[in-house]
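J.: Below is the structure I would like to discuss, written out as structure tokens.
No lab work stands behind these numbers, since they all come straight from the coordinates. Here the structure is a predicted model, which is why all the values come from computation and not from measurement. All Cβ positions, even for glycine, are placed from backbone atoms using ideal geometry, and neighbour counts span all protein chains on display.
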Amino acid sequence: MKHWIKGLALLSVALFIAAIWLLMLYLNSRNEVQQPARPPEAKKEVKGPQQEVKPANEELRRLAVAFSRELYGQNPSPQVLAKYTTAKARALVIPPGDGEGKSEIDRKIVLQDVQVYEGSSSGKAAAVIAAIKRTITVNGVSTASTSYIRLAFVKGSSWQVDGLVLIGEIPAR
């Protein structure tokens, strides 16, 4: 009988130590979750390999610049946009209707620059990023910005825009 009591005593001590150990693990895990965020100045800058951004090949660059100038220009023409786009992209960039609506808003758009950067490319499809710098004046109030768009091209008899995604619009400083 004494051995049975000794075994029970050792088992209870082992369970007590295990319970304390589990409680400590639990409290440490809660402490890590509830730590306050470090201030932004305490963040370390991550330095790693950087990719060089390359200009797109000449044919795609010319097409992207012409398309972007027409799309972001003063009076985009559905007929001109149609010659640069597939049916899928036309649905994205050409609004429905005849486009004959008149507005009393005085607006002027001036494109300063269009830069086109290389993206993915294969024999039948390609993607580029276009940065369009422009100034828009509405009723005498001007704002300058840069629009970044991702253009997807497909090649049939010639390259055409098949998709367009606005990545972002960044106001000039």
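J.: Can you sort Val80, Val161, Val13, Val65 from fewest to most other Cβ atoms within 10 Å of each residue's own Cβ?
T.: By the 10 Å Cβ count, ascending, the order reads Val13, Val80, Val65, Val161.
J.: Starting from the exponent 0.38 and prefactor 2.2 Å, build the expected Rg for segment 76-173 from its residue count and divide its actual Cα Rg by it.
T.: 1.23
J.: Here is a follow-up. Arrange Trp159, Trp4 by Cβ neighbour counts within 10 Å, fewest through most, would you?
T.: Trp4, Trp159
J.: What order, most packed first, do the peptides 132-138, 106-112 have when packing is the mean number of other Cβ atoms within 10 Å of each residue?
T.: Put in order of decreasing packing, that is 132-138, 106-112.
J.: Find how many whole Å separate the alpha carbon centroid of segment 6-26 from the alpha carbon centroid of segment 110-168.
T.: Using only Cα atoms to place each centre, the spacing works out to 66 Å.
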